[in-house]
Amino acid sequence: MAMSPSIAGTALPMAPVPVSAPTAIEVLGSVGAWGQPLKSGHSRPSSLGHLGIAAAGASACAAGRLAARKSRRRGRAAVARCAHTVFIDGEAGTTGLQVKDRLAKHPNIEILSLPENLRKDEKARREALCEADAVVLCLPDDAAKAAVAMLDESGAKTVVVDASTAHRVSEGWTYGFPEMSQDQAAAIAASKRIANPGCYPTGFIGLVRPLVDAGLLPGSTQAVVHAVSGYSGGGKALIELYEGGDHEPWGAYGFALAHKHLAEMAKWTGLAEEPIFCPAVGDFRQGMVVSVPLRLSQLAPGTTPAQVQEALAKHYEGKRFVKVAPLNDMESLERGAFLRPDTLNDTNNLELFSFANESKGTMWLAARLDNLGKGASGACVQNLNLVFGLDEAAGLA
């Protein structure tokens, strides 16, 4: 069965996955990614009657509020340590469900949620956007822009983490890849407008930016990138196709050579030109491998494969979510031959590999990640942790 024209040539946009809607104060953590039940959750009334608030995993905050109430009754002043509140606009989509799943287990975050019948109500959404400490936008680009406009008009101080592509190269927005440079995490922590990276760009930028910064790869390099993603990255349409009847076992796409991730790939690597990008989707739900082939002649004169690997290792030293493998790490390959795309599923981890054949003057750089983890929801949660001044790994595998 041929790939749907609405999918081919796109950046595998996130699309809603049907899920039963919670009531106004239902335990919001009760339904997670793919409709699977979560382990914990409770709720309390919001200052907005139609908003439900889940503090799944935030029992310490609940205990703090209870202690504060008891203390006030005894006539003593008390301050409770309360969780930060997050509204997920688009919580029923593929990325939204994943973000909710992770936040439902977060010890310091409460989820604000609207009943299903009010999720498209502009007034209710505006109130939720303004009520939350932070909002994660899991929306199509135009809808994400409209949500930001609502906030801008209201003057609310809500922090925005936008999972769409709408603001990834926009002025005034901070790119949400904390490990991209040595000062990026601090920039995210201080920002009110954070553009979550795309899944493919996370792998590409993760491989290329350190080499450009180290002077090993010229900014004038005309790069090529190949990648294969699990079908969940294509949202509802592609999920239904691959979990239904006839479908391709593997399919290359993007033949218009105008993929919507190209702009961020160029801007945040420091390359003067966009790369030639050759994406593909495989017959597996989740996971991703991004590959960048290079000739040693493309590197700065005298650069060796060992220096490339060392530059990557130095750049990510001390970064808890990024691991750089040794040069020509054949032990990481399945059966000594295959780099599996799904090894890091359900984590926020990123693994970087470098393989070289010096006699032929060639290298193959590869990044492995979960397209729904470090490539989407995991990055959202990591960025929220930075904004709130929490442990960067809170709520993350």
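Across the stretch 207-212, coupling constants 3J(HN,Hα) worked out from phi with the 6.51/-1.76/1.60 Karplus curve, θ = phi - 60°, read 7, 8, 4, x, 6, 5 Hz, and Gly and Pro carry x. Highest mean first, the peptides 370-377, 381-388, 319-326, 238-245 sorted by other C-beta atoms within 10 Å per residue fall in the order 370-377, 381-388, 319-326, 238-245. Only aspartates and glutamates eight or more places from Lys360 in sequence, or on another chain, were considered; those with a Cα closer than 20 Å are Asp329. When restricted to Cα atoms, the stretch 90-220 yields an Rg and a Dmax of 16.3, 54 Å, respectively.
On the principal axes of its alpha carbon atoms, the stretch 182-319 extends 52, 40, 27 Å, with the longest extent given first. Split the accessible area of the stretch 180-249 by element, probe 1.4 Å, and carbon with sulfur accounts for 54%.
Accessible area per residue for the stretch 182-228 is 32 Å², calculated with a 1.4 Å probe on protein heavy atoms, without ligands, DNA or RNA.
Work the Kirkwood hydrodynamic radius out for the stretch 251-367: mean of 1/r over every pair of different alpha-carbon atoms, inverted, in Å.
16.0 Å
Scoring 266-277, 329-340, 197-208 by mean Cβ neighbours within 10 Å over their residues and listing the highest first yields 197-208, 266-277, 329-340.
Using the structure shown, select from Lys120/Lys267; Lys260/Lys319; Lys120/Lys323; Lys157/Lys314 the pairs with a Cα to Cα distance greater than 32 angstrom.
Too far apart for the 32 Å limit: Lys120/Lys267; Lys120/Lys323; Lys157/Lys314.
To put it simply, the accessible area of the stretch 262-326 at a 1.4 Å probe is 53 percent carbon and sulfur. Counting only aspartates and glutamates at least 8 places from Lys105 when in the same chain, those with an alpha carbon closer than 17 Å to its own are Glu26, Glu91, Asp346, Asp391, Glu392. Out of residues 5 or more away from Ala227 or on other chains, whose amide H comes under 5 Å of its own, with H placed 1.01 Å from N in the peptide plane? HN-HN under 5 Å from Ala227: Cys278, Ala280, Ser291.
Using a probe of 1.4 Å, the accessible surface attributed to Ser113 totals some 0 Å² when neighbouring protein chains are kept in position. Applied to the stretch 161-169, the Karplus parametrisation 6.51 cos²θ - 1.76 cosθ + 1.60 on θ = phi - 60° returns per-residue 3J(HN,Hα) values of 10, 9, 8, 7, 8, 4, 10, 6, 10 Hz, with x for Gly and Pro.
Working ranking of peptides 167-180, 213-226 by packing, defined as the average number of other Cβ atoms within 10 Å per residue, highest first, is 167-180, 213-226.
The values are calculated or read from the model by the stated rules, or taken from the named source; none is laboratory data. Bear in mind the structure is a predicted one, so any value in this text is a computation, not a measurement. Virtual Cβ from ideal backbone geometry, glycine too; neighbours counted across all protein chains shown. When the accessible area is computed, the model is the full protein with side chains, heavy atoms only, and any ligands, DNA or RNA have been set aside. Shrake-Rupley method; radii C 1.70, N 1.55, O 1.52, S 1.80 Å.
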